Amino acid sequence: MTTTSLVPSRLLRRAEAAQYVHDKWGYPCSPKTLAKYAVIGGGPPFRKAGRYPLYHPDDLDVWVNGKLSDLVTSTSALASNARTAADGGCHD
C-alpha cells in the first residue's frame, strides 16, 4: 500500500531559502536580496509566521526557473532570443 504524506515540505526561513537556492541551482542569492525583494517585489512568494517570512522549496524552484534563460549554445543566441521576445516573436 502506498501512502502519501499529508505534511508539506518544510518551509524555510530566509537564510535557509537563500542557501537552498544557491545549493540546488547555483544561483547567487543572499538573505538580504530576498528581504529586498519582499519589500519591492520580484522575489519568490512567501508566507509569514508572525514576523518571520517562510518560503516553500517548490516556490523557490519556480522563481529561479523563471529567471533562467532558454538553453543556448552561444551568447549571440541570447541576444537573438531577446530581440525575438521584444518584438513579440514575429518577423516579416
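Read-outs throughout are calculated quantities, based only on the coordinates presented, and are distinct from any laboratory measurement. In this text, all values refer to a predicted model and were calculated from it rather than measured experimentally. So basically every Cβ, Gly included, is an ideal-geometry build from the backbone, and we count neighbours across all protein chains shown.
Would you list 22, 56 from fewest to most Cβ contacts within 10 Å?
22, 56
Excluding residue 55 itself, calculate the net charge of residues whose Cβ lies under 9 Å from the Cβ of residue 55, where each Lys or Arg counts +1 and each Asp or Glu counts -1.
It works out to a net charge of +1.
Can you list the lysines whose alpha carbon sits under 20 Å from that of residue 67, skipping same-chain ones fewer than 8 residues off?
Partners within reach: 24, 32, 36.
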